[in-house]
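Undergrad: Have a look at the structure that comes next, please.
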Amino acid sequence: MNLKIAAAVTGLMMSLLAAPVVLAGETEDAIAKRLTDAVPGLKISSVQKSEAEGLYEVLSSNGDTIYTTADGAYLFTGDLLKITDTGIANVTEESRATSRQQQMAAFGKEGLISYPADGEEKAVIDVFTDIDCPYCRKLHDEVPQLNSYGITVNYYAFPRSGPGTASFRKYESVWCSDDQQAAMDAAKGGKNVPQQSCDNPVADQYRLGGQVGVTGTPAILLEDGNMVRGYVPARNLAEGLGLL
């Protein structure tokens, strides 16, 4: 097995979080069975026809997209591009955006640490953040500026080091604080936050991040489901949202 194939198979086998399978017929059922038989541990969320004739789009439970022929014999991973009258469109990313919208809506807004827009709310961004991430801290410094543009910032927990680590416990302490905003501001500023514990959604938010394709922080989800990966200056973000 060459390195590219090995890497692809390894990536597929990392889809460990089970999700309901959405299928539409015998062909989709057969594709799902063939793939899961070939790749033990693969969890499939959905199988549907791609807009590219002859291809089916398979979404794994961790957000990876696989394309396969109708018989499931040939497959590839990566983005499917389409030449249009206005340029090249990323068909796969458009599909991911729709899926992210659905997953975020299903998760809901309860348990977020939010910084509301000043005055009229013109846009909302959902940010998967790590308290110890330098660029997350840089973005946090600009939250007041984002708020002044009419942008509400919702924080979802995504401590990159994972559950059971110091960074993960730090986020839990922030969430369990009486004043979550003050605790978040202090933690993002490098100050110590008293360790606290309570029932909290940090682990659930962390899992959600993996399901919608977060691989690093900050990860900024827009209302249309598109994801901006990494730090973007507040003014540039507002311009991209059409607010300036």
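Bear in mind these aren't lab numbers, they're just calculated from the coordinates by the rules spelled out. All figures in this text were calculated on a predicted structure; none of them were measured in a lab. Here the Cβ is made from the backbone with ideal geometry for all residues, glycine too, and neighbour counts use every protein chain on show.
Undergrad: Given the rule -39500 (n - 2.57) for each run of at least 4 DSSP H residues, summed and divided by the residues of the chain, what is its mean residue ellipticity at 222 nm, to the nearest 500 deg cm²/dmol? Display every interim value, and only then the final one.
TA: Details: 9 runs with 92 residues, N = 244.
About -11000 deg cm²/dmol.
Undergrad: Right, here's the next one. Which whole-Hz ³J(HN,Hα) couplings does the stretch 224-239 yield from phi under the Karplus relation 6.51 cos²θ - 1.76 cosθ + 1.60, θ = phi - 60°, glycine and proline marked x?
TA: Each residue's phi maps through the Karplus curve to give 8, x, 6, 10, 9, 9, x, 6, 9, x, 4, 5, 5, 5, 5, 5 Hz.
Undergrad: Shifting gears a bit: Based on other C-beta atoms within 10 Å, arrange Cys136, Cys176 from fewest to most. Numbers along the way, then the final one.
TA: Working: Cys136 24, Cys176 18.
The order, fewest Cβ neighbours first, is Cys176, Cys136.
Undergrad: If you don't mind, another one. Let me confirm the definition first: pairs of Lys residues in the chain, 8 or more apart or on different chains, C-alpha distance under 22 Å. How many are there?
TA: Lysine pairs satisfying the spacing and distance rule in the chain number 12.
Undergrad: Order by neighbour count: Val91, Val47, fewest other Cβ atoms within 10 Å first, most last. The partial results should precede the final answer.
TA: Working: Val91 19, Val47 24.
Placing the least packed residue first, the sequence is Val91, Val47.
Undergrad: Of the listed values (1) 19.4, 71; (2) 36.3, 121; (3) 19.9, 59, grab the one calculated as Rg and Dmax of the Cα atoms in Å from the structure here.
TA: Computed from the coordinates, Rg and Dmax of the Cα atoms in Å corresponds to (3).
Undergrad: Which of these, Lys43, Lys82, Lys138, has the largest mean-square fluctuation under a Gaussian network model of the chain (Cα springs below 10 Å)?
TA: Lys82
Undergrad: Could you work out the longest stretch of the chain that avoids the GluC sites (Glu not before Pro) located in DSSP loops with at most 10 other Cβ atoms within 10 Å?
TA: Numbers: sites that count: Glu53, Glu110, Glu120.
The segment 121-244 is the longest one with no such site.
Undergrad: Sticking to Cα atoms, compute the Rg of the stretch 112-240 to one decimal and its Dmax as the biggest Cα-Cα distance, whole number, in Å.
TA: Taking only Cα atoms of the stretch 112-240, I get Rg and Dmax of 13.7, 39 Å.
Undergrad: Hey, another quick one. Nearest 10 degrees, 0 to 90: what angle lies between the long axis of helix 202-211 and the longest principal axis of the chain (Cα atoms)?
TA: The two axes meet at around 40 degrees.
Undergrad: Just rank Met227, Met184, fewest to most, by other beta-carbon atoms within 10 angstrom.
TA: On the way: Met227 18, Met184 22.
If I rank by nearby Cβ atoms, fewest first, I get Met227, Met184.
Undergrad: Work through the residues other than Asn90 whose Cβ is under 11 Å from its Cβ and net out their charges, Lys, Arg +1 and Asp, Glu -1.
TA: Values: positive: Lys82, Arg96; negative: Asp79, Glu93, Glu94.
Summing Lys/Arg as +1 and Asp/Glu as -1 gives -1.
Undergrad: Excluding Glu121 itself, what net charge comes from residues whose Cβ is under 15 Å from its Cβ, given Lys and Arg +1 and Asp and Glu -1? Please list the in-between numbers first.
TA: Details: positive: Lys109, Lys122; negative: Asp118, Glu120, Asp126, Glu223.
Summing Lys and Arg as +1 and Asp and Glu as -1 gives -2.
Undergrad: Please give the net charge around Thr36, taking every other residue with its beta carbon less than 12 angstrom from that of Thr36, where Lys and Arg add +1 and Asp and Glu add -1. Don't skip to the end; give the middle numbers.
TA: Details: positive: Lys33, Arg34, Lys43; negative: Asp29, Asp37.
Around Thr36, the charge tally is +1.
Undergrad: Treating the angle as unsigned and between 0 and 90°, give the value, to the nearest 10°, between the Cα long axis of helix 166-176 and the longest Cα principal axis of the chain.
TA: Helix 166-176 sits roughly 60 degrees off the main axis of the chain.
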